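Peer 1: Structure provided below as structure tokens; questions to follow.
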Amino acid sequence: MTARIFCIFLIVLSASVAVSSGQGSNSSKPYTVTGTVLDNKTKEPMQYATVSLLTLPDSTLGNGIITDKNGQFKVGTSKAGSYILRINFIGYQTYYVDVILNAQNPVKNIGTVVLGSSSVDMDAVTVTANERAVEYKIDRKVVHVGEQYSALSGTAVDILQSVPSIDVDIENNVAIRGNSNFTVLIDGRPSVLEGNEALQQIPAGMIQNIEIITNPSAKFDPEGTGGIINIITKKRKITGLNGIIHANVGLDDKYGGDVLLNYRTKKFNFFGGIDYNERNYPGSVERRQETYSDDTVKYLNAEGDYNRARKSYSGRAGFEWFPDDKNTISLSGRYGYRLSSGMSTTEYEEWTNFSPAKTTYTNLENSMRGGNFYAINSDYTHNFNGTNAEAEDHRLDVHFMFYSREGEEESLNYLLDKDTISDGQKSTENGPGKGINYRINYEQAFTKLVNIEIGTEGRIRESNESNGLYFYDAANDIFLFQSKFSNDVTYTRNINGIYGLLRGEFRKLGYQLGFRGEYTFRDVNMNEQGTFNINRWDYFPTLHMSYQFNENNQMMASYSRRIDRPRGWYLEPFITWSNAFNVRRGNPDLQPEYIGSYELGYQRNFGEASSVSAEMYYRVTDNKIEEVEEVYRDNIRLSTRANVGTDYALGTEIMLNTDFTEWWQSDISGNFYNYRVKGDINGEALDRESFTWSVEWNSIFKIAENTRIQINPEFDSREIEAQETESATFEVDGAVRQSFLDNNLSVTLQVRDIFNTDRHESETEGRDFHSYRLYLRRAPIVMLNITWRINNYRNDGGNGSMGEGGGDEGGEM
């Protein structure tokens with residue numbers, strides 16, 4: 001399996017390098033033209049400006065590139081002669097200059113080119129070019145949400161379902177390369193909610209881009225072994241009032257909407273938004289379970305219908321103040337509510353190998369989890385050199401966030417025997433949590449070779465939880481409190497860290513060295529069970545390197561060490577009833593996971609239309625935390641968390657972007673990896689291995705000037721965990737978008753799982769049980785989305801930048 005992964009990576013890498021060598025490169029051309037492009041008003045470098053070398057006399061394209069982050073370019077040609085150099089950018093006047101290249105003048109430096117805004121009224125301009133759905137950068141993947149038409153009416157989770165490196169199951173749980181432990185940032189700031197919960201609350205309409213960072217630097221919080229998902233929200237830098245309004249409706253009671261407004265002056269920027277979403281996902285479920293005790297086998301079969309629902313609403317507002325060209329002060333806040341619920345009606349059959357007569361009954365289950373939350377953010381940025389484009393980076397950033405969230409959970413079960421309640425129980429869990437996050441970051445670039453960045457970051461959290469269990473009293477038709485199964489927990493965790501980075505460039509070689517140290521204090525107080533605490537330092541080195549062969553070829557390598565600390569309820573050493581057939585118990589002896597991640601990648605651009613990238617990765621996780629199941633009694637299963645040993649993942653990820661024609665844009669990606677987990681469960685040896693792969697194909701067809709069709713087929717192969725095996729899945733999503741009124745109004749019809757092929761099957765096996773589960777979600781899922789842009793609320797054409805923490809502008813999500 002390992003050899004298979006390595007061969008796949010080498011084949012793609014070799015083919016890419018071969019094509020690269022065959023086509024040549026700008027840096028190897030004997031005749032070159034260099035220069036720098038600046039914006040006329042801001043005097044800032046213009047990244048992504050198109051530079052073309054046109055041959056005379058017919059003005060055909062001889063070669064072309066785009067400018068780098070410093071606005072610089074170097075375009076070459078293999079033939080001497082007379083050329084026209086053309087520099088253009090959307091919304092700016094095109095620049096032309098005659099250039100003669102020969103043996104006496106092989107290199108021409110045209111100096112600094114300043115592009116002025118076009119005299120055309122940009123509010124009346126309709127830009128029809130498609131942006132790449134997924135863009136690869138040196139340390140992350142950038143998902144351009146504007147090109148994800150098939151997920152436009154949903155949330156961040158819906159967008160991530162068709163993104164390389166990301167897996168989403170039927171319950172909307174997200175994983176990065178098979179790892180569900182990751183960190184979610186909103187504009188570079190920690191989210192108020194847990195990772196999966198946060199992604200399910202953010203409307204797709206409020207998202208500009210999503211960054212997937214699989215090997216973060218020491219600057220980032222190392223929590224979350226899978227990496228970081230950074231949500232970049234929409235924001236504007238042009239003056240005046242602008243905004244965007246979304247409304248959507250779909251089959252099976254799906255509807256929602258959001259509004260985002262922005263008003264900017266020379267000194268201030270005010271922004272605000274509201275959103276509401278309600279989603280229902282009906283379906284059916286089938287379960288088969290066997291439990292073993294001595295020579296007795298107990299069987300349990302179940303079939304039924306369910307409906308999983310999500311409801312959320314929130315409001316956010318804030319302002320930024322620019323007192324001068326060196327300082328920015330911002331204050332923002334968000335308040336909201338989220339609710340996840342489920343209802344099911346399931347018919348059960350029970351029997352044993354000694355008593356084949358079946359006992360039948362009906363189970364009714366209602367569950368909910370949710371509560372209010374809010375966050376207040378304050379930021380201060382000082383640029384020591386102001387906005388001078390020629391100045392080297394020298395800045396101080398200060399961030400502070402206070403947050404609070406309520407958690408209320410209830411699960412209600414009734415067992416019916418011929419429409420009469422024979423048994424029942426209610427489980428409850430509630431309690432508030434609050435915390436403070438802070439970060440102080442200082443950055444200075446001394447030379448191109450030496451840049452430093454140092455900082456301190458802290459995360460302080462407190463929560464109180466009460467767990468209760470109630471049994472149904474049929475005689476009095478009430479639920480009676482069960483004190484021996486009810487507990488109170490107080491949880492405190494303080495993490496304070498310091499970090500430093502040293503980075504720079506030497507000719508074609510780029511490097512970044514990082515180191516972070518974190519001190520953790522944790523105290524978990526559990527009534528009569530006692531107190532469990534830790535005091536520990538952890539250390540996290542990182543290394544990133546790149547080599548730029550030429551403008552179109554780059555090799556990257558990186559290493560990072562990360563951690564995943566057990567969540568509070570993972571540690572609670574008492575029984576908590578989830579429903580009538582499942583209980584859970586925490587494990588206070590859990591140790592945190594430590595992960596070492598290695599990556600090697602290659603990127604090759606073929607002109608402006610096509611590119612290929614290949615990444616090889618190796619991940620080792622020590623103290624692997626897995627959900628472990630066993631029989632509690634009869635057909636009731638007990639789940640807990642345990643350190644099962646070490647897991648290994650060796651794989652390669654490949655992506656090809658190409659425009660087959662002017663009307664067909666395509667992105668094909670694949671992830672192939674060998675997974676192995678080795679250790680023990682309950683004293684029994686564990687050694688499981690599988691080869692896992694997935695392929696996604698995203699195609700956008702330009703049918704007319706304002707009409708787009710998008711098709712997304714996706715296949716995920718069989719996948720294993722310590723006890724569970726998940727079957728392969730396949731689905732096809734699609735969307736049609738039509739724009740009106742100079743692109744200010746757009747209507748999108750999206751259909752997910754068009755052919756109703758998305759079956760989610762899994763088997764779980766332990767020493768005393770075996771179970772099978774099948775979920776079928778009602779499909780296809782159809783949504784209609786309407787978008788209205790106020791004052792042409794669109795992207796800024798790429799002239800804005802997204803730095804390592806995400807954008808500084810915008811509000812807390």
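Peer 1: Report the relative contact order of the chain, percent, no decimals, based on alpha-carbon pairs under 8 angstrom and at least 6 residues apart.
Peer 2: 11 percent
Peer 1: If amide hydrogens are placed 1.01 Å from N in the peptide plane, which non-local residues have theirs closer than 5 Å to the one on GLN591?
Peer 2: ASN643
Peer 1: Cβ neighbours within 10 Å, averaged per peptide: list 248-260, 465-477 in order, most packed at the top.
Peer 2: Output ranking for 248-260, 465-477: 248-260, 465-477.
Peer 1: Among the lysines, which have Cα under 21 Å from the Cα of LYS678 when same-chain residues fewer than 8 positions away are ignored?
Peer 2: Partners found: LYS624.
Peer 1: Taking R0 as 45 Å, what FRET efficiency do you get between THR707 and LEU509 from their Cβ-Cβ distance, rounded to the nearest 0.05?
Peer 2: 0.45
Peer 1: Over the stretch 724-764, average the accessible area per residue using a 1.4 Å probe and give it in Å², no decimals.
Peer 2: Value for the stretch 724-764: 44 Å² per residue.
Peer 1: Which is farthest toward the positive dipole end of the stretch 235-292 among PHE270, VAL285, LEU260, measuring Cα position about the Cα centre, with Cβ charges +1 (Lys, Arg) and -1 (Asp, Glu)?
Peer 2: The listed residue farthest towards the positive side: PHE270.
Peer 1: Translational diffusion coefficient of the stretch 264-368 at 25 °C, 0.890 mPa s, Stokes-Einstein with Kirkwood Rh over Cα pairs, in µm²/s as a whole number.
Peer 2: Once the numbers are plugged in, D ends up at 130 µm²/s.
Peer 1: So, one more: What FRET efficiency do you get for VAL97 and LYS41 if R0 is 22 Å and r is their Cβ-Cβ distance, rounded to the nearest 0.05?
Peer 2: 0.55
Peer 1: With θ set to phi - 60°, apply the Karplus curve 6.51 cos²θ - 1.76 cosθ + 1.60 along the stretch 77-84 and write out the HN-Hα couplings as whole Hz, x wherever there is a Gly or Pro.
Peer 2: Going residue by residue, I get 8, 8, 10, 6, x, 9, 9, 10 Hz, with x marking Gly and Pro.
Peer 1: May I ask you to give the average projected area over all directions of the convex hull of the Cα atoms of the stretch 642-684, in nm² rounded to one decimal?
Peer 2: So the Cα hull casts an average projection of 4.4 nm².
Peer 1: For GLU684 and ASP419, calculate 0.36 nm times their separation in residues minus their Cα-Cα distance, and state this gained length in nm to one decimal.
Peer 2: Result for the pair: 91.0 nm of gain on full extension.
Peer 1: Determine, at each q value in 0.13, 0.23, 0.26 (inverse angstroms), the log₁₀ of I(q)/I(0) that the Debye formula gives when each Cα of the stretch 700-766 is one equal point scatterer.
Peer 2: Reported log10 I(q)/I(0), two decimals: -0.54, -0.93, -1.04.
Peer 1: Would you please put 720-731, 419-430 in order of how densely packed they are, using the mean number of other Cβ atoms within 10 angstrom per residue and starting with the highest? Intermediate values should be presented prior to the final figure.
Peer 2: Values: 720-731: 18.3, 419-430: 15.9.
Descending mean neighbour count gives 720-731, 419-430.
Peer 1: Please compute the per residue accessible area over the stretch 173-265 with all protein chains in place, 1.4 Å probe, rounded to a whole number of Å².
Peer 2: Accessible surface, normalised per residue, equals 24 Å².
Peer 1: What is the percent of Cα-Cα separations in the stretch 571-629 that go past 15 Å? Please list the in-between numbers first.
Peer 2: On the way: 1203 of 1711 pairs.
Cα-Cα pairs of the stretch 571-629 separated by over 15 Å account for 70 percent.
Peer 1: Suppose each label sits 7 Å from its Cα in the direction of the beta carbon; what would the ASN525-ASP324 distance come out to in nanometres?
Peer 2: It is 4.9 nm.
Peer 1: If you don't mind, another one. Taking all protein chains as present, what is the carbon and sulfur share of the accessible area of the stretch 226-369, in % to the nearest whole number, probe 1.4 Å?
Peer 2: Carbon plus sulfur share of accessible area: 57 percent.
Peer 1: Per residue, how big is the convex hull around the C-alpha atoms of the chain? Give it to me in cubic angstrom, could you?
Peer 2: Details: hull volume 130.7 nm³, N = 813.
Here the figure is 161 Å³ per residue.
Peer 1: Under a point-charge model restricted to the Cβ atoms of Lys and Arg (+1) and Asp and Glu (-1), what is the dipole moment magnitude of the stretch 426-532 relative to its Cα centre, in debye to the nearest 20?
Peer 2: 820 debye
Peer 1: Note down the Stokes-Einstein diffusion coefficient of the stretch 393-524 in µm²/s, whole number, using a Kirkwood radius over alpha carbon pairs, 37 °C, and 0.692 mPa s.
Peer 2: After rounding, the answer is 168 µm²/s.
Peer 1: Right, another one. Where does each of TYR348, TYR598 land when they are ordered by accessible area, with a 1.4 Å probe and the largest first? Show your work: numbers first, answer last.
Peer 2: Values: TYR348 15, TYR598 110 Å².
Listed by decreasing accessible area, they come as TYR598, TYR348.
Peer 1: Would you list GLU615, GLU211 from the most to the least accessible area, probe 1.4 Å? Mind dumping the intermediate values first?
Peer 2: Numbers: GLU615 30, GLU211 0 Å².
Ranked list, largest accessible area first: GLU615, GLU211.
Peer 1: Given the pairs LYS326/LYS508; LYS79/LYS508; LYS141/LYS234; LYS69/LYS108; LYS234/LYS508; LYS311/LYS418, which are separated by over 23 angstrom at their Cα positions?
Peer 2: Going by Cα-Cα distance, LYS326/LYS508; LYS79/LYS508; LYS234/LYS508; LYS311/LYS418 fall outside the 23 Å limit.
Peer 1: Another one. Convert each backbone phi in the stretch 758-769 into a coupling constant with the Karplus relation 6.51 cos²θ - 1.76 cosθ + 1.60 (shift: θ = phi - 60°), then list the ³J(HN,Hα) values in order as whole Hz, x for Gly and Pro.
Peer 2: 7, 9, 10, 10, 8, 10, 10, 9, x, 5, 10, 7
Peer 1: So, how do all the Cα-to-Cα distances of the stretch 306-404 break down into 10 Å bins, in percent, from 0 on up?
Peer 2: Computed distribution, short to long bins: 12, 21, 17, 15, 12, 9, 7, 5, 1.
Peer 1: Would you tell me the accessible area of LYS311, worked out with a 1.4 angstrom probe on the heavy atoms of the protein chains, in Å² to the nearest 10?
Peer 2: LYS311 has an accessible surface of roughly 70 Å² with all protein chains in place.
Peer 1: Determine, from the Cβ-Cβ distance of ARG567 and ASP477 and an R0 of 51 Å, the FRET efficiency 1/(1 + (r/R0)^6), rounded to the nearest 0.05.
Peer 2: 0.90
Peer 1: Let me ask something additional. Please get the size of the charge dipole for the chain, origin at its Cα centre, with Cβ charges of +1 on Lys and Arg and -1 on Asp and Glu, quoted in debye to the nearest 20.
Peer 2: 2860 debye
Peer 1: From the phi of every residue in the stretch 704-715, what ³J(HN,Hα) in whole Hz does the Karplus formula 6.51 cos²θ - 1.76 cosθ + 1.60 yield, where θ is phi - 60° and glycine or proline is x?
Peer 2: Per residue, the Karplus-derived 3J(HN,Hα) values read 8, 4, 10, 10, 10, 10, 10, 10, 10, x, 8, 10 Hz.
Peer 1: Per residue, how much accessible area does the stretch 400-517 have with a 1.4 Å probe, in Å²?
Peer 2: Result: 52 Å² per residue.
Peer 1: Right, something else. If you take the Cα atoms of the stretch 614-749, find Rg, then find the Kirkwood Rh from the mean of 1/r over all pairs, what is Rg/Rh? Walk me through the intermediate numbers first.
Peer 2: Numbers: Rg = 21.9 Å, Rh = 18.5 Å.
With Rg and the Kirkwood Rh in hand, the quotient comes to 1.18.
The values are calculated or read from the model by the stated rules, or taken from the named source; none is laboratory data. Since we're looking at a predicted model, the values are computed, not measured. Virtual Cβ from ideal backbone geometry, glycine too; neighbours counted across all protein chains shown. Calculation scope for accessible area: heavy atoms of the full protein, side chains included, ligands and nucleic acids excluded. Shrake-Rupley method; radii C 1.70, N 1.55, O 1.52, S 1.80 Å.
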